[in-house]
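Structure first, commentary second.
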Amino acid sequence: MIFCFTGTGNTGFIAQRLAQATGERLVWIAKAIVNGVFQYRLDKEERIAFCFPIHGWRPPFVVRDFVESLKLDGYVGQYCYAFATCGDDVGLAFDYLEEDLNGICVRLDSAFSVIMPETYNFPFIDQIDTPESARSKVAAACARLDSILPDIIERRRGVRKFNKSRWPRINSRLLGSFFLKHWVTDSKFTVAPDACIHCGKCASVCPVGNIKCDPLGSPVWQNNGLCTTCFSCYHHCPAHAIDFGGRTRGKRQYFFNNDLLNDL
Ligand SMILES: Cc1cc2nc3c(=O)[nH]c(=O)nc-3n(C[C@H](O)[C@H](O)[C@H](O)COP(=O)(O)O)c2cc1C
């Protein structure tokens, strides 16, 4: 069973590849949370996977909350692995996940990460990839995934294939908690009324159902407590009308789509 959270599609793509390669079921964490489904039955031979993007050098908080509430009936020590996508490095993200899994008496056997196109923008510089660099990152990620698949297929335990970063504690503990406290919020999203074309795309791509459209069709963030600032709304807006705290105006947009695979 593959539990996956994805904002802009990078992790969803990897999880779908894992599902194809292993023949295992895919469960979308965001949908499960919105529908309140936390109990699953495992087969004896089934692998368990947790796939997520790195947010502030940690798993997104919705992934951690989901794991905390998760009930896996039939768990008898099946192979369990984590697979993260990131822009650069993961910090202590897998340690956090391992701790959460320990809390529900599930052992994390192996952990992997791949670099995918960047989806987060810090102030001042535009960190989002150009279409060319997004394409080459996706190509490299596909090659890396192929090299990791035998570990997963053969259920190899104790495999750790990821880059922690140079200062993982500072990144995950210090910066990660600052990030979570001050920057993970939907209150900084705004829409430019003149630019919005009222298409409703932002509402349809929000993984956690946090955007509703007003009678004119403009987005209203619901503050439902589930916004991870994944930036799916920002990146998908066809009119580039959405901004986050004044720091994304005029910057690039990106979301995963199958055209990125055309030349592979
Ligand atoms: C809120 C946020 C925080 C992020 N933090 C990190 C980070 O700490 N380290 C990193 O390497 N990438 C970070 N990224 C980049 C994403 O992990 C990466 O682009 C990922 O592939 C996005 O996956 P998705 O398309 O499934 O949402 C961050 C992205 C977002 C939106």
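No lab work stands behind these numbers, since they all come straight from the coordinates. It should be emphasised that the depicted structure is a prediction, and the values quoted were computed from it without experimental measurement. All Cβ positions, even for glycine, are placed from backbone atoms using ideal geometry, and neighbour counts span all protein chains on display.
Within the chain, CYS80, CYS86, CYS105, CYS142, CYS196, CYS199, CYS206, CYS213, CYS227, CYS230, CYS237 have no other Cys Cβ under 4.7 Å of their Cβ and so lack a disulfide-compatible partner by this rule.
A full extension of the chain between ASN258 and ARG64 corresponds to an added length of 67.0 nm, given 0.36 nm per residue minus the alpha carbon distance. The long axis of helix 93-103 is offset from the longest Cα principal axis of the chain by roughly 60 degrees. The length gained by stretching the chain between GLU99 and LYS251 to full extension, at 0.36 nm per residue less their Cα-Cα distance, is 51.0 nm. Full extension of the chain between GLU45 and HIS198 yields a length gain of 50.3 nm, computed as 0.36 nm times the residue separation minus the alpha carbon distance. Cα centroid separation, segment 19-61 to segment 223-264: 23 Å. With neighbour counts taken as other beta-carbon atoms within 10 Å, the residues TYR81, TYR75 rank, fewest first, as TYR75, TYR81.
In whole Å, how far is the Cα centre of segment 96-146 from that of segment 164-191? First find each Cα centre; the distance between them is then 16 Å. Report, to the nearest 10°, how far helix 10-22 tilts away from the longest principal axis of the Cα atoms in the chain, using its own Cα long axis and a range of 0 to 90°. Rounded to the nearest ten degrees, it is 30.
Per-residue Cβ neighbour counts within 10 Å put PHE52, PHE231 in the sequence PHE231, PHE52, beginning with the fewest. Approximating the spin labels as points 7 Å out from Cα along Cα→Cβ, the ASP146-to-ILE125 distance works out to 3.1 nm. To the nearest ten degrees, helix 131-153 and the longest principal axis of the Cα atoms of the chain are 20 degrees apart.
Could you please rank ILE54, ILE33, ILE153, placing first whichever residue has the fewest other Cβ atoms within 10 Å of its Cβ? Numbers along the way, then the final one.
Working: ILE54 27, ILE33 20, ILE153 11.
So the ranking, lowest neighbour count to highest, is ILE153, ILE33, ILE54.
Taken about its Cα centre, the chain carries a charge dipole of roughly 380 debye when the Cβ of each Lys and Arg holds +1 and the Cβ of each Asp and Glu holds -1.
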